[in-house]
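Coordinate-derived values only; no laboratory data. This structure is a prediction, so every number in the text was calculated from the model and none was measured. Heads up, the Cβs are rebuilt from the backbone with ideal geometry, glycines too, and the neighbour counts pull from every protein chain shown.
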Amino acid sequence: MKLRFKICQSVSTFLFFGVAPASQAAEGGVSHYTPGLYGDFSAAVAPDPGFYFRQDLYQYSAGSSGRRFVQNGEIRSELDVDASLYMLTGLWALEKEVFGAKFAWGGFIPLVYTDVSASVGLGATSRTFSEDGWNLADPGIVPASFFWSCENWNFNLYETVSIPIGEYDKDNDINGGLNYWSFETTFATTYLNSDSGFEFSMVLGHIYNTENNDTNYQSGQELHLELMLNQYLSETFALGIHGFAYRQITGDSGSGALLGEFEGEANGIGPSLMWVTEIGNCPTIVTARWLHEFGAENRLEGDHFYLSATIPF
């Protein structure tokens, strides 16, 4: 059975984008990298020329299990987080090639709801707090994304810039923004056999973080790897297994890094599915996935849930 992946390939580039809806690593246990957001079907396959609109709903639930984090100049422990994210993403794929590659660019705006409780050390004493609320998280842009292909192999190289204009106040217990820039270089590859419907995808990314000037804390550099094994059962339905590995490859620094280098790491794995349908005579790609974390150090450990819908125009 030879499948036509015209619609399926259109979704591939939408999971470029990173955001920080919940505690992940580095300062406050938080990073602009969100596990699972990069894993997708046909991750490195170029979309057809045109504009794409995507909505993501994300839920994260986790606990610190006795781990400690530095946030707002305080050491916090016994941290429990429930976070919900709504993210609006736009992507424009051009008809004209750039440097011999298909070219696209885009951006995203995230809104996050966080419910968090923790204990805060204050010398020999401590206090507990519980806060919740909606915040604008740091938006970002993908100024350049390049796609190449050779028979069944596809390749994608792109840059993501997270802009520190989300809601942030160092005196607040919860914030949407992180108050520092992040620059991420990402390479993805996809092997897609249209005869058998089998797909293997890999996404490798490196993140450099600038210093949070309000707290004098600079989070270390981060490396993440996403692996996807997908099987297309028809032109409109696919199942997969997705996993990730995250490592902080340089230590945190600055006078605000009260716990020292505080290098984090984690892993995760879980199922995913993709369904292509029509809403108002417009093809819509729906994806869902769940990733369970394990082996976490210096970060929270929990479960990531995603539900996404993409509409090409």
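General remarks:
- Protection proxy ranking, highest mean first, for peptides 275-284, 246-255, 223-232: 223-232, 246-255, 275-284, where packing is the per-residue count of other beta-carbon atoms within 10 Å, averaged.
- Phi-derived couplings, Karplus 6.51 cos²θ - 1.76 cosθ + 1.60 at θ = phi - 60°, listed residue by residue for the stretch 166-182: x, 5, 8, 8, 4, 8, 8, 6, 10, 9, x, x, 10, 6, 8, 7, 10 Hz, with x used for Gly and Pro.
- Distance (nanometres) between label positions extended 7 Å along Cα→Cβ at Thr250 and Arg127: 3.5
- Subtracting the Cα-Cα distance of Asn172 and Thr284 from their residue separation scaled by 0.36 nm leaves 36.4 nm.
- Between Lys96 and Ser194, the distance separating the two model label sites (each 7 Å from Cα on the Cα→Cβ line) works out to 2.7 nm.
- Extreme residue, positive dipole direction of the stretch 137-188, given options Pro139, Ile174, Ser149 (C-beta unit charges): Ser149
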